[in-house]
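Values quoted throughout were computed directly from the atomic coordinates according to the rules given, and no laboratory measurement underlies them. All figures in this text were calculated on a predicted structure; none of them were measured in a lab. For neighbour counting, all protein chains shown are included, and Cβ atoms are generated from backbone atoms with ideal geometry for every residue, glycine included.
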Amino acid sequence: MKVLFIEPPKDIWFVMGEYLPPPYGIIQLAAYLEREVKDVQLEVLDCNAEKVDWKGMEKRIESSNPDVVASSSLATCNTYAVVKTLETAKRIVPNALTVTGGQHFTATAQESLEAYPELDVIVRGEGERTFAELVKRSGKKSALPEIKGVSFRQDGEVIHNPPMPLIENLEDLPFPGYHLVKDSVNKYHFSVMAGEKAPYALIEGARGCSHECSFCSQWRHWQAKWRVKSAKRIADEMDYCNRTFGSKFIWLTDDNFGAGARPGEIAEEIIKREMPDDVSWFVQARCDDIIRNKEVLPRLRESGLTCGVMPFLNSSPSTLEGFKKGITPQDARSAVKLLKENGIFAHAMVIIGQRKDTRKSIAQLREFANELDPDFVMFGILTPLPGTEIYEEAERNGWIMDRNWLHYDMVHAIMPTETLSVKEVQEELYGCYRDFYGSWGRRLGGLFSRNQLKRKVFWHMAQSGVLGQIKSLF
Ligand code: B12
Ligand code: SF4
């Protein structure tokens, strides 16, 4: 029994500059299979790291001759890359079972199985137990009706089995499966954030979220539960990645870093490991949690936390309410200030294009970004990602003007607002970047900042043509 995991050739998200990420979702699944299923042969093909193009992928599938081919999209904008991968697999090894999963395919299981005949099975939600069950049953189609968590076609109909219960304790998961991509592990990098020579690893500290923001699919995907690994386990995984694979830039994938004792405990555990000084880490956090954690920010910085990403900041309380974000504009001001005071790179995300946005409200948002003055602002456009409340609302009201999943990357405008056309929303995105990064004072301050990360990001913005690419979208 052989399972071939494929990370397809994917376009990078140009706003973040040049990077090569580890295919964390599939190596995690592969590590779980390795431990749980006897007599299974596993192969991971990371086309991006191995520089394998579509033709090369065909050859690799042919020589591997797998029984099951599995691929993951990560985000909606990679849907076609996964479909093309599985279509290629079906052509080369028609008897192999083709499987995918993840947030996009979970939310669109019915439509995707109707639209893409090359796709045999969608594993909905958490993948490990369901996929292991499928492989234990030798990937046989006849076993599908008995496996919880899968969607598949039977006699021309799409069947959705009941969900698989979640793994109760995330620490039952194996350590990340970087040994399964050991020839690529030194190639993973995030140039802007850490340089090309700092091997980049993802580590999962939690799954799901206790909040329910209307634009986010994360909380639903993980059944609205927030499960966390302990501080000790997170520090152990970081230490393991550093010592075994030389990882130096570690991204904790948690979307919700949380408050309470945990962040402080994470800092203390990491400090205890005495990892080399050039190991840094990065996390996304809500503004309210940053404020609640203000006492421990110095220890988090000492532990190597170099950057905090704060998504969906806004100057309008009613927009934040519509997003069900549960934070205020003042929270954003305080959080940015706190991060900067503690020498932690403050990375803000500001989103335009919600239904009530006008030229005036977007101008106010630009002013707000200027006033916040974080180290880096990423502007984006509200995107109706499948699985979110915003998507359902947009579908109901006929607001979705573009069905090309490639464009669901938060940079392309998909919906008009009440007063702005899709094209005008797109123009406004460029206006946001031009205003923020076009200011000479800010540019010079960034290019020659004492903060190394800020310098890197501003050189990236100056040299990489991001503004030009955003302008070319309208
Ligand atoms: C790290 C990260 C990135 C990295 C890249 C990482 C990479 N490997 O390419 C960067 C910063 C570059 C990035 C970019 C983007 N990202 Co991103 N990213 C993440 C993050 C934080 C972690 C991903 C991860 O490894 N998760 C852990 C693994 C274990 O979870 P998983 O992949 O979902 O897999 C599990 C299950 O879903 C399932 N499963 C998944 N695939 C498959 C396949 C099979 C065969 C099976 C059986 C099961 C299965 O099993 C797995 C184990 O249980 C997630 C949020 C999150 N916490 O997941 C967002 C997330 C995936 N990103 C998101 C988005 C929107 C983007 C961007 C479009 C823009 C943006 N604003 O960030 C770009 C797209 C880039 C591109 N072209 O690919 C959204 C996707 C939502 C959607 N429907 O599109 C997420 C969910 C964030 C969110 N809260 O909305 N991202
Ligand atoms: S945006 Fe962040 S805080 Fe809100 S539901 Fe998604 S993961 Fe949770």
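Note on residue 232: lysines with a C-alpha under 22 Å away, same-chain residues under 8 apart excluded, are 248, 272, 294. Under the combined filter of DSSP loop state and at most 14 neighbouring Cβ atoms within 10 Å, the stretch 407-474 retains these GluC sites (Glu not before Pro): 418.
Dividing the helix sum by the residues of the chain, where each DSSP H run of 4 or more adds -39500 (n - 2.57), gives a mean residue ellipticity at 222 nm of -12000 deg cm²/dmol. For the chain, the Cys residues with no second cysteine's beta carbon closer than 4.7 Å are 47, 77, 209, 241, 287, 307, 432.
When the alpha carbon gyration tensor of the stretch 374-474 is reduced to an equivalent ellipsoid, its three semi-axes come out at 31, 14, 11 angstrom, largest first. Checking the cross-link pairs 10/456; 90/136; 38/90; 84/182; 51/225; 325/423 against a 31 Å limit on the alpha carbon distance flags 51/225 as lying beyond it. Dipole size of the chain about its Cα centre, with +1 on Lys/Arg Cβ and -1 on Asp/Glu Cβ: approximately 740 debye, rounded to the nearest 20.
Per residue, the average separation of C-alpha pairs within less than 8 Å and at least 6 apart gives the chain a relative contact order of 12 percent. Contact order, relative form, for the stretch 1-70: 58 percent (alpha carbon pairs under 8 Å, 6 or more residues apart, mean separation divided by residue count). The phi-based Karplus calculation (6.51 cos²θ - 1.76 cosθ + 1.60; θ = phi - 60°) puts the 3J(HN,Hα) values of the stretch 452-458 at 4, 5, 5, 4, 4, 5, 5 Hz, whole numbers, x for Gly and Pro. With all pairs of different C-alpha atoms in the average, the Kirkwood value for the hydrodynamic radius of the stretch 83-169 is 13.0 Å. Legend: ranking of residues 188, 80 from fewest to most surrounding C-beta atoms inside 10 Å; resulting order 80, 188. Compared with the dominant principal axis of the Cα atoms in the chain, helix 24-36 is inclined by about 40°. Taking 20 °C and 1.002 mPa s as conditions, the chain diffuses translationally at an estimated 93 µm²/s according to Stokes-Einstein applied to its Kirkwood radius (Cα pairs).
Relative to the longest principal axis of the Cα atoms of the chain, the long axis of helix 262-273 makes an angle of roughly 80 degrees.
Close amide H pairs (under 5 Å, H built 1.01 Å from N) link residue 164 with 149, residues at least 5 positions away or on another chain.
Within the stretch 348-396, the trypsin sites (Lys or Arg not before Pro) that combine a DSSP coil assignment with at most 16 other C-beta atoms in a 10 angstrom radius are 356. Think of each Lys and Arg Cβ as +1 and each Asp and Glu Cβ as -1; about the Cα centre, that makes the dipole of the stretch 58-175 roughly 320 debye. Would you please classify the overall shape of the stretch 1-114 from the alpha carbon gyration tensor, given that a ≥ b ≥ c denote the square roots of the eigenvalues, rounded means a/c under 1.5, and beyond that prolate means a/b larger than b/c while oblate covers the rest? Rounded, since a/c falls under 1.5.
Summing charges over all other residues whose Cβ lies under 15 Å from the Cβ of residue 193, with Lys and Arg as +1 and Asp and Glu as -1, gives +1. Taking the C-alpha atoms only, the angle from helix 422-438 to the longest principal axis of the chain is near 60 degrees. Look at the alpha carbon pairs under 8 Å that are at least 6 residues apart: their mean separation over the length of the stretch 381-437 gives a relative contact order of 31 percent.
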